[in-house]
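Notes follow the structure.
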Amino acid sequence: VERPAGSGPLLVLGAPGTGKSTVLVETAVERIERGGLDPAGVLLLAPSRLAAAALRDALSARLERTISAAPARTWASYAFDVIRRAKAEGLLPHVTRAPKLLSGAEQDVIIKELLGGHGQNGVPQLPWPESLSLALGTRGFRQEIRQLFDRVIELGLAPADLEDLGHRYDRQDWVAAAALYAEYRDVLDLRMPEAFDPAGIITTATDILVSEPQFLAAEHDRLQLVLVDDLQEANGSIYRLLGILAHGRDAVVTASPDTVVQGFRGARPDLLGELRTVLGPDLETAV
């Protein structure tokens, strides 16, 4: 797969099993083995750890050299690396300890404690609708709350924004969730400033790149080729990060618009229609 330097962005569309991932691997091999690109200059992104591991193994098997750094990562892994390096460069003065990625289980514990604290020791109950009264103590309800928080974070909404939306659309559950979200943010900001939840890590990394031009310029110099697999699984915050990393630059993106398995995590295959805006007007498409 010949993609010389300066080729610009390319979108490869195809159904599962048609070789889209192979295109990414062979593009990397071509640029590294015959184009002389340092493997450290390749960023290969996938929607899940399993997919990233498969790409990493496929690339390692095809290269004629060993590589020290993992070239294939999930979006969250890359975002966490951005935060870690920004912390090391002194760009996050409020983070006094090493950055930490919150697990789903840790999020669940925080939300459970916050929910359980209401109605105890004089703390008033949140204004949940009566229809949810039997669900409040269940793990399923907490999972729904976590997913709502993830969407709020991805959209960059503050607790007051969610409350306003609840009043506007007569969603009392959103009004109550807004108060809970404010408490959740307070816990992280005051007690665990070094902790980042899975949705917030993408937003934080993007904000760092936007607010620190020198850091972004260094990242652009370092990453000469960006390869993305299964972009149909991405949400809005990932598209924003992708645009900052790869707008008008060497990038190959694959997608299968009709095959989405991470809709429950906010996957937005409809955003593929806006990819020309994200990656630039020179975006080419291959099927």
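Residues in the stretch 217-252 that are among the hydrophobic types (A, V, I, L, M, F, W, C), outside any strand (DSSP E or B), in contact with a helix residue (DSSP H, G or I) (Cβ under 8 Å, 6 or more places away or on another chain) and closer than 15 Å to residue 43 by Cα: 223, 231, 238, 241, 242, 244, 245, 246. Of all the residues that make up the stretch 32-70, how many are touching a Lys or Arg at 6+ places or on another chain (Cβ under 8 Å), under 28 Å from residue 235 (Cβ atoms) and either in contact (Cβ under 8 Å) with a residue 40 or more places away in the chain or open to solvent by 60 Å² or more (accessible area, probe 1.4 Å) (or both)? Going through the stretch 32-70 one residue at a time, the tally reaches 7.
Residue check: residue 262 meets all listed conditions (1) over 22 Å from residue 30 (Cα atoms); (2) at pLDDT 95 or above but one, namely (2). Looking at (1) modelled with pLDDT of 90 or more; (2) open to solvent by 50 Å² or more (accessible area, probe 1.4 Å); (3) farther than 19 Å from residue 143 by Cα, can you tell me which one residue 166 breaks? Just one mismatch for residue 166, condition (2).
No other residue among 86, 58 is modelled with pLDDT of 90 or more, more than 24 Å from residue 186 (Cα to Cα) and of a type outside the set (Phe, Trp, Tyr) apart from 58. Taking the numbered list (1) out of contact with any strand residue (DSSP E or B) (no Cβ under 9 Å at 6 or more places or on another chain); (2) outside any helix (DSSP H, G or I); (3) within 30 Å of residue 44 (Cβ to Cβ) in turn, residue 193 passes all entries but (3). Within the stretch 132-149, the set of residues being open to solvent by 30 Å² or more (accessible area, probe 1.4 Å) and within 19 Å of residue 185 (Cα to Cα) comprises 143, 144, 146, 147, 148.
Exactly one residue out of 193, 198, 129 is modelled with pLDDT of 90 or more and either surrounded by 18 or more Cβ atoms within 10 Å (Cβ to Cβ) or not acidic (Asp, Glu) (or both): that is 129.
The values are calculated or read from the model by the stated rules, or taken from the named source; none is laboratory data. Keep in mind that what you see is a predicted model, and the values were worked out from it rather than measured. All Cβ positions, glycine included, derive from the backbone under ideal geometry; neighbour counts span all protein chains shown. These accessible areas exclude ligands, DNA and RNA; they are computed on the full protein's heavy atoms, side chains included. Shrake-Rupley method; radii C 1.70, N 1.55, O 1.52, S 1.80 Å.
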